[in-house]
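Notes for the one structure printed next.
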Amino acid sequence: MLRRWAVRDAAPVTAAFADPLMREQTSRPIGSPEDAQRWIAERTAEWEAGSAFAFSVVDGADTVLGQVSVGAVNRRHSVGWVSYWTTAAARGRGVASQACQALARWAFHEAELFRLELGHRVNNPGSCAVAHAAGFAVEGRQRQKLAYDGVRYDVELHARLATDPEPLAAALKPVRPGASVPGPSGGIGR
């Protein structure tokens with residue numbers, strides 16, 4: 001399920017960003033519940049401004065599994081930038097792919113966007129698999145776009161259009177029993 005971030009999510013956000021893989025996913029460190037509350041407040045402010053729409057990805061017990069968002073929204077051209085992350089426990093289960101599919105349906109139908117873009121470092125095959133499973137086609141490579149710890153990385157650019165066909169559900173990895181996943185109508189909840 002996808003739902004908007006809430007103040008009650010401060011502890012799971014703090015825990016998610018304690019993972020070394022997650023530290024590069026934000027411009028400022030999130031090392032405390034106060035940092036997480038600030039991060040959640042920023043997501044709420046972006047939503048209210050219409051500049052970005054971030055969802056918490058949760059299971060049937062409302063456990064935070066990750067985030068999916070569409071940001072850098074350009075209303076003139078009806079374009080947005082998709083980003084996602086999952087907690088360590090949710091990785092490899094198809095959660096990000098299914099969340100990206102649900103987000104795309106929401107963005108095309110509710111936010112009235114036409115084009116969604118996303119990018120990942122070329123040395124991140126997991127993120128590439130998420131993009132493909134969620135129906136995002138490869139469009140090219142952005143040379144040395146990102147820098148981490150003094151190393152520059154190429155980024156592979158993907159995009160999905162509102163007119164593209166829905167990806168096949170068979171391309172998704174199954175989710176563990178008992179987990180809730182977005183349904184065919186988009187699964188956007190609460």
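The values are calculated or read from the model by the stated rules, or taken from the named source; none is laboratory data. Values in this document were obtained by computation on a predicted structure and should not be read as measured data. Quick reminder, even Gly has a Cβ in these numbers, built from the backbone with ideal geometry, and neighbours come from all protein chains shown. Side chains included, ligands, DNA and RNA excluded: accessible areas come from the protein's heavy atoms. Shrake-Rupley method; radii C 1.70, N 1.55, O 1.52, S 1.80 Å.
Consider the range 116-154 and keep the residues that are open to solvent by less than 70 Å² (accessible area, probe 1.4 Å) and acidic (D, E). The one that is farthest from the chain's Cα centre (by Cα) is D154. In the range 130-141, the residues that are in a helix (DSSP H, G or I) form Cβ pairs under 7 Å with partners that are of a type outside the set (S, T, Y), at six or more places apart or across chains, as follows: V130/A96; V130/C100; A131/L118; A131/H120; A131/H158; A133/P167; A133/A171; A133/L172.
Of all residues in the range 18-41, exactly one satisfies the criterion of being of a type in the set (D, E) and surrounded by 16 or more Cβ atoms within 10 Å (Cβ to Cβ), namely D35. If you take the residues of the range 54-82 that are crowded, with 20+ Cβ neighbours inside 10 Å and not hydrophobic (A, V, I, L, M, F, W, C), which of them is nearest to A15 (Cα to Cα)? Result: G66. Considering D59, D154, the condition of being among the acidic types (D, E), farther than 20 Å from T26 by Cα and out of contact with any His (no Cβ under 7 Å at 6 or more places or on another chain) is satisfied by D59 alone. Are there any pairs, at least 6 apart or on different chains, whose C-beta atoms fall under 7 Å, with the first in the range 9-31 and in contact (Cβ under 8 Å) with a residue 24 or more places away in the chain and the second open to solvent by 70 Å² or more (accessible area, probe 1.4 Å), and if so, which? If the second residue must be open to solvent by 70 Å² or more (accessible area, probe 1.4 Å), the pairs left are A10/Q37. Do we have A72 as free of Cβ contacts under 8 Å to residues at least 12 places away in the same chain, aliphatic (A, V, I, L, M) and more than 17 Å from M1 (Cα to Cα) here? Answer is no for this residue. Contact annotation: residue pairs with Cβ atoms under 9 Å, 6 or more positions apart or on different chains, pairing a residue in the range 158-176 that is more than 14 Å from A102 (Cα to Cα) and modelled with pLDDT under 80 with a partner that is in a helix (DSSP H, G or I) and open to solvent by 30 Å² or more (accessible area, probe 1.4 Å), are A171/H132; K173/A129.
Take L103 and decide whether it is buried (at least 22 other Cβ atoms within 10 Å of the Cβ), more than 14 Å from the chain's Cα centre (by Cα) and either more than 22 Å from Y148 (Cα to Cα) or touching a residue at least 60 places away in the same chain (Cβ under 8 Å) (or both). So L103 does not fit the description; no. One residue stands out among those in the range 4-26 that are in a helix (DSSP H, G or I) and of a type in the set (K, R): the one that is nearest to A147 (Cα to Cα), which is R23. Scanning the range 106-115 for residues that are farther than 17 Å from L2 by Cβ and of a type outside the set (A, V, I, L, M, F, W, C), we see that the one that is least open to solvent (accessible area, probe 1.4 Å) is R115.
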